[in-house]
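Reviewing the structure listed below.
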Amino acid sequence: MKKTYILNPNMTFKSVNSTVASDKPAEAAVCRLPHKAVSLPPRQPLHTVTVDRNRPAIKLGLDVHLEFIMAVVQHDHQLPKAPRKFSPDQLITQVKEWIGKGHAVYCVQESCGFGFVLHRQLVGAGAQSILITPIALNGRRKTDKLDARALCLRLSRYLDGQRDELAPIRIPSQEEQRRRETTRRRQFLQREIRRLANRGHGQVAEYCHQKLPHRWWGARHWKKLSTTLDAWLLSVLDKLRQLILAMEEQLATLEQEILARLKQVKLPKGLGEMTLAILDGEVCDWKRFHNRKQVGSYTGCCPGEHSSGGKRLVGCIDRMGNGRVRAILVEAVWRLLLWQPAWISARKMKVKLADGPAMRKKTVVALARQLAIDLWRWRTGRATLADLGWFSA
């Protein structure tokens, strides 16, 4: 007798049922459907470029800087022209002029610290714009002109069908971008508060050879310090204290705004509202992922590999994804190991978790990747808390 499995990409382990294959050709092995059909969210279309063969094409490789934009232009399949500097306004005006003459304009630029302003302006002008992850374009040689030319040539090959030449990124909406900024501003305020607090600790240690209490700027500690410290040093600390109190007020308001997004969400115990809010803000939309491999790659917790011939070497994680997501996932795993003993993914790695501190840390990183996948399944309706082995708070 032989077991046959018919798998659906969206099935879980519990929904896969094996049936016994019969020797009779009339009997086909079938997989019984789950008792309760799960309606999956619609897939988000990946970024694609529509190539219009009936219009002359203009391809732009853009090396974007704050003061100027270095652009290389290629008409259809002619040789690229000499690099030229544009201001953002000049580039938009030129693109509108090309569009008015009946050309199809395609642009490519690397994602950087300038956000998506230029991309949205180019799209608004009628061009098709692509943002890609930053890459090494010319080896050891790097100039603005060489980078813009290399981008233009890669764009030309990409439009001809060689999709491996460029790796377009997902462009968040303005609402998603602003929602993500609130969690990042919270992290910035926390970092600045610690920096100012450490400055106060250092100054008291330098001028008084004393140790300040934790949260020395609080009302109770500040009242005691007012009677013991030198007047000059107290005035210096008071300036730092005013800055810290103002930032803490902003931080409290910001956290209330972030937590208000999850008032109606039933959370698993140990995850925390702030943790989930940060993950939702960084991911922007869990529906953007089509399968578990995309989720794992986004976290950067996938192992690096160097294999050749019959040898296979798996190394440390590649860290190619979102670093903020990776950090918060690892932090959340340690809490879930404490508060969710029935977590199915952790139970599968029970032996490794008990195999010394070094192996335990590696296993936690592996569980961070699995946690992202479990959250994706939960937030998109593919699984419930009970399916994952979680219980609510």
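Some points to look at:
- Inspection of region 300-320 identifies at least one residue that is surrounded by 12 or more Cβ atoms within 10 Å (Cβ to Cβ), in contact (Cβ under 8 Å) with a residue 60 or more places away in the chain, over 30 Å from Ala197 (Cβ atoms) and out of contact with any His (no Cβ under 8 Å at 6 or more places or on another chain).
- Leu146 touching a helix residue (DSSP H, G or I) at 6+ places or on another chain (Cβ under 8 Å), within 17 Å of Val64 (Cβ to Cβ) and not charged (D, E, K, R): no
- Scope region 345-390; condition at positive phi, over 24 Å from the mean Cα position of the chain (by Cα) and surrounded by 13 or more Cβ atoms within 10 Å (Cβ to Cβ); matching residues: Gly389
- Cβ separations smaller than 9 Å between residues 6+ apart or across chains give the following pairs from region 104-123 residues that are within 25 Å of His75 (Cβ to Cβ) to residues that are part of a helix (DSSP H, G or I) and basic (Lys, Arg): Val108/Arg154.
- Verdict on Leu237 being in contact (Cβ under 8 Å) with a residue 24 or more places away in the chain, hydrophobic (A, V, I, L, M, F, W, C) and surrounded by 13 or more Cβ atoms within 10 Å (Cβ to Cβ): yes
- Members of region 241-275 found to be surrounded by fewer than 15 Cβ atoms within 10 Å (Cβ to Cβ) and not in a helix (DSSP H, G or I), listed by number: Lys263, Gln264, Val265, Lys266
So that you can scan it fast, the table gives a plain yes or no per residue for (1) modelled with pLDDT under 95; (2) more than 26 Å from Val283 (Cβ to Cβ); (3) surrounded by 13 or more Cβ atoms within 10 Å (Cβ to Cβ); (4) in the same structural domain as Glu282 (by TED's automatic domain parsing):
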residue	(1), (2), (3), (4)
Asp76	yes, yes, no, no
Lys81	no, yes, yes, no
Val95	no, yes, yes, no
Tyr106	no, yes, yes, no
Pro134	yes, no, no, no
Lys142	yes, yes, no, no
Leu153	no, yes, yes, no
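- Yes/no for Gln210 being surrounded by fewer than 17 Cβ atoms within 10 Å (Cβ to Cβ) and in contact (Cβ under 8 Å) with a residue 40 or more places away in the chain: no
- Every pair of residues 6+ apart whose Cβ atoms lie under 7 Å, when the first sits in region 363-380 and is closer than 13 Å to Leu271 by Cβ while the second is surrounded by fewer than 20 Cβ atoms within 10 Å (Cβ to Cβ) and among the polar types (S, T, N, Q): Asp374/Ser345
- Filtered by the rule that a residue be without any contact (Cβ under 8 Å) to a residue 40 or more places away in the chain and closer than 30 Å to Ala383 by Cβ, region 240-260 gives Leu259, Ala260.
- Between Ala104, Ala167, Ala148, the distinction of being touching a Pro at 6+ places or on another chain (Cβ under 6 Å) and among the hydrophobic types (A, V, I, L, M, F, W, C) belongs to Ala148 only.
- Verdict on Leu245 being more than 21 Å from Pro172 (Cβ to Cβ) and among the hydrophobic types (A, V, I, L, M, F, W, C): yes
- Helices (runs of 4 or more DSSP H) wholly inside region 328-392 that include at least 3 residues being touching a Ser or Thr at 6+ places or on another chain (Cβ under 7 Å): 356-379
- Once region 285-326 is narrowed to residues that are at pLDDT below 90 and hydrophobic (A, V, I, L, M, F, W, C), the residue that is farthest from Leu371 (Cα to Cα) is Leu313.
- Residue match in region 64-77 (condition: over 27 Å from Asn322 (Cβ atoms), acidic (Asp, Glu) and assigned to a loop (DSSP other than H, G, I, E, B)): yes
- Against the criterion of being within 30 Å of Glu257 (Cβ to Cβ), out of contact with any helix residue (DSSP H, G or I) (no Cβ under 9 Å at 6 or more places or on another chain) and part of a helix (DSSP H, G or I), Arg220 qualifies.
The values are calculated or read from the model by the stated rules, or taken from the named source; none is laboratory data. Being a predicted model, the structure only gives us computed values, none of them experimental. Positions of Cβ are generated from backbone atoms using ideal geometry, with glycine treated the same way; all protein chains shown enter the neighbour counts.
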